[in-house]
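Chemist: Below are the structure tokens for one structure; questions will follow.
The values are calculated or read from the model by the stated rules, or taken from the named source; none is laboratory data. Treat the numbers as computed from the prediction; the structure is a model and nothing was measured. Cβ: placed from backbone, ideal geometry, glycine included. Neighbour counts: every protein chain shown. Remember, those area values only see protein heavy atoms, side chains included, never the ligands or the DNA or RNA. Shrake-Rupley method; radii C 1.70, N 1.55, O 1.52, S 1.80 Å.
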Amino acid sequence: MDIIFVLVKPAVPENIGAAARAIKTMGFSQLRVVASDQHRAKPASILAHGAREVLEQAESFASLPEALADIDFSIATSAKSRLGRRYSYSADQLSAQLQDKQQHLQRVAIVFGCEEAGLSNEQLDYCDSLSYVPIANSYPSLNLGQAVMIYAYSLTALAEAQSATDIPVEQWAHLKNRSIDYLQYLDFKPQSKLYRWAMERLAVADSGDINFLHLLLNRLTEKQSKNK
């Protein structure tokens, strides 16, 4: 399983450099930057001392959808209360959640918003799950580099999985696409409560749930074929 850290519109080069250092320190290497070139600024390189290759190899994207196009499962990070979101998980809960899914996932993205405003609700909608860092006081809040370090540390148990030789079967991503097709077939729009609820529940499905839902959809597909 590859863990990829995605920074959306980061504005402060020093924060990006600190994030790169945190990523390298915790055993990860993949960084993506969205709608910003501040990771190429000299202050970013200075703060990334010992981890400059993470910055040099960072991939740049114009938009978040493009950055997530090849991602199987994406996790948005936010300190804000999000209307309509039933499920959110603390940083220290993510490792267990992802370990249970690792046989179904090849690429997982941890997504961070800009320093000033974080991720917008629209950007959250591009992600599959939501996570937060429990803090005692809402201000002063964590800066970008600190937030990346916390998540990188919490996921260190998964760093070794990146070196696995067997490519995981991408069953979760396939299940998500199949579920979307059926919801659209039933005329449920992405803005509807049932559609959003189904996507949220799918994001927290464990390995057994994933296998069961694939079996269920297989039977539905077979029945549809017979009725044509």
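Chemist: Name the residues in region 108-158 that are in a loop (DSSP other than H, G, I, E, B), modelled with pLDDT of 90 or more, closer than 17 Å to R32 by Cα and open to solvent by less than 80 Å² (accessible area, probe 1.4 Å), would you?
Modeler: Those that are in a loop (DSSP other than H, G, I, E, B), modelled with pLDDT of 90 or more, closer than 17 Å to R32 by Cα and open to solvent by less than 80 Å² (accessible area, probe 1.4 Å): G113, L119, C127.
Chemist: Only residues that are of a type in the set (F, W, Y) and either under 18 Å from F73 (Cα atoms) or in contact (Cβ under 8 Å) with a residue 24 or more places away in the chain (or both): list them for region 177-220, please. First the steps, then the outcome.
Modeler: Looking only at region 177-220, we keep the residues that are of a type in the set (F, W, Y), and these are 182, 185, 188, 195, 197, 212.
If the condition is that a residue be of a type in the set (F, W, Y) and either under 18 Å from F73 (Cα atoms) or in contact (Cβ under 8 Å) with a residue 24 or more places away in the chain (or both), then Y182, Y195, W197 are the ones that fit.
Chemist: Then there is this: Filter region 114-124 down to the residues that are in contact (Cβ under 8 Å) with a residue 12 or more places away in the chain and either touching a helix residue (DSSP H, G or I) at 6+ places or on another chain (Cβ under 6 Å) or within 30 Å of W172 (Cβ to Cβ) (or both) and list them by number. Please lay out each step first, then the result.
Modeler: Let us first name the residues in region 114-124 that are in contact (Cβ under 8 Å) with a residue 12 or more places away in the chain, namely 114-116, 118-119, 121, 123-124.
Result: C114, E115, G118, L119, N121, Q123, L124.
Chemist: Quick one: is P190 at pLDDT below 90, outside any helix (DSSP H, G or I), within 20 Å of the chain's Cα centre (by Cα) and closer than 22 Å to E66 by Cα? Full working, then the answer.
Modeler: Numbers: at pLDDT below 90: yes; outside any helix (DSSP H, G or I): yes; within 20 Å of the chain's Cα centre (by Cα): yes; closer than 22 Å to E66 by Cα: yes.
The answer is yes for P190.
Residue by residue, here is whether (1) in a helix (DSSP H, G or I); (2) aliphatic (A, V, I, L, M); (3) under 15 Å from the mean Cα position of the chain (by Cα) holds:
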{"position": "P10", "(1), (2), (3)": "no, no, no"}
{"position": "S36", "(1), (2), (3)": "no, no, no"}
{"position": "A69", "(1), (2), (3)": "no, yes, yes"}
{"position": "L98", "(1), (2), (3)": "yes, yes, yes"}
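Chemist: Against the condition closer than 27 Å to L98 by Cβ, in contact with a Lys or Arg (Cβ under 7 Å, 6 or more places away or on another chain) and surrounded by 23 or more Cβ atoms within 10 Å (Cβ to Cβ), how does V54 come out, does it pass? Spell out the reasoning first.
Modeler: Values: closer than 27 Å to L98 by Cβ: yes; in contact with a Lys or Arg (Cβ under 7 Å, 6 or more places away or on another chain): yes; surrounded by 23 or more Cβ atoms within 10 Å (Cβ to Cβ): yes.
Spelling it out, V54 is indeed closer than 27 Å to L98 by Cβ, in contact with a Lys or Arg (Cβ under 7 Å, 6 or more places away or on another chain) and surrounded by 23 or more Cβ atoms within 10 Å (Cβ to Cβ).
Chemist: Kindly establish whether I16 is assigned to a strand (DSSP E or B), open to solvent by less than 50 Å² (accessible area, probe 1.4 Å), closer than 26 Å to I135 by Cα and of a type in the set (V, I, T).
Modeler: On the way: assigned to a strand (DSSP E or B): no; open to solvent by less than 50 Å² (accessible area, probe 1.4 Å): yes; closer than 26 Å to I135 by Cα: yes; of a type in the set (V, I, T): yes.
Taking the combined requirement at face value, the residue does not satisfy it.
Chemist: Something else about it: Here are the criteria: (1) surrounded by fewer than 19 Cβ atoms within 10 Å (Cβ to Cβ); (2) in a helix (DSSP H, G or I); (3) modelled with pLDDT of 80 or more; (4) not polar (S, T, N, Q). Tell me which single one L94 does not satisfy.
Modeler: (1)
Chemist: A67 fails exactly one of the following numbered conditions: (1) out of contact with any helix residue (DSSP H, G or I) (no Cβ under 9 Å at 6 or more places or on another chain); (2) open to solvent by 50 Å² or more (accessible area, probe 1.4 Å). What is the number of that condition?
Modeler: Condition not satisfied by A67: (2).
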